[in-house]
Amino acid sequence: MRKLLSLCCCAYLLVAGGCATRYQDLLRDRDSEIRDLQARLASAKAESEDLRRLKDEAERKLSESASKPVEASATGTDSDLSRVQDALPELDVRRKFGRISIGIENTVTFDSGSATVKSGASSILNRVATVLSRDFADRRIYVEGHTDTDPIKKTKGTFRNNRHLSLERADAVARWLADNGRLPERRIAVVGYGEYDPRASGSSEGDKARNRRVEIVVGEPLGSQ
């Protein structure tokens, strides 16, 4: 009998010990889960704080930008554009890549296949020079030459290709502006696009005529980076 009681006590102790061990395991699991949740909460709070700081910084910069006075930039203001359009109503005055561009068809400035400025272009170019001196005295001026896609035939011995012809024409207009329009040479840059920056994408004679042009583009303030 005593032996049976001893065995029962041992069994009870084993069961009780097993339960205690399982309970301790559950406590450890719970504590581990709590620590994990606390770590996640702390991380979420940190991310939220970072987002709040980023939001506040973005709002501050936006507010500062909105409160700054509008400064002269390479794009020119809308009033600048309107003033040039009013002064040169017969020319193609528009924005090009954000900048003010004054387009002059080649029929005004050049004979076919020539890079010599026509005498009849003096009136137009003089008015353009007046506008540039009056409204954009502190700006870089880009003189851009453009052609159609037709290959050079009559003057092939003079010009290697359309890009060469467009560059020579742009340079001729730039020299006219410097010599006759009294624009400082240091302000003027010359670009030859050839056929690679068309105004019209078609192949009709009208489209080709639109693409044969010189554009005088108002650039960035001198000395800006």
**Meets criteria (surrounded by 22 or more Cβ atoms within 10 Å (Cβ to Cβ), hydroxyl-bearing (S, T, Y) and more than 15 Å from I188 (Cα to Cα)) for T158** = no
**Message:** Residues that are among the aliphatic types (A, V, I, L, M), in a helix (DSSP H, G or I), at pLDDT 80 or above and within 30 Å of T147 (Cα to Cα): does region 70-83 have at least one?
**Reply:** yes
**Meets criteria (surrounded by 20 or more Cβ atoms within 10 Å (Cβ to Cβ), charged (D, E, K, R) and either within 25 Å of the chain's Cα centre (by Cα) or modelled with pLDDT of 95 or more (or both)) for R169** = yes
**Asked** Any residue in region 188-204 that is outside any loop (DSSP other than H, G, I, E, B), among the acidic types (D, E), within 23 Å of K118 (Cβ to Cβ) and without any contact (Cβ under 8 Å) to a residue 60 or more places away in the chain?
**Response** no
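Yes/no per residue for (1) assigned by TED's automatic domain parsing to the domain that holds K156; (2) at pLDDT 95 or above; (3) assigned to a strand (DSSP E or B):
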residue: I104; (1), (2), (3): yes, yes, yes
residue: V108; (1), (2), (3): yes, yes, no
residue: D111; (1), (2), (3): yes, no, no
residue: S114; (1), (2), (3): yes, no, no
residue: V117; (1), (2), (3): yes, yes, no
residue: S123; (1), (2), (3): yes, yes, no
residue: V128; (1), (2), (3): yes, yes, no
residue: L132; (1), (2), (3): yes, yes, no
residue: E144; (1), (2), (3): yes, yes, yes
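The values are calculated or read from the model by the stated rules, or taken from the named source; none is laboratory data. Computed from a prediction, not measured in an experiment: that's the story for all the values here. With ideal geometry, Cβ positions are generated from the backbone for all residues, glycine too; neighbour counts draw on all protein chains shown.
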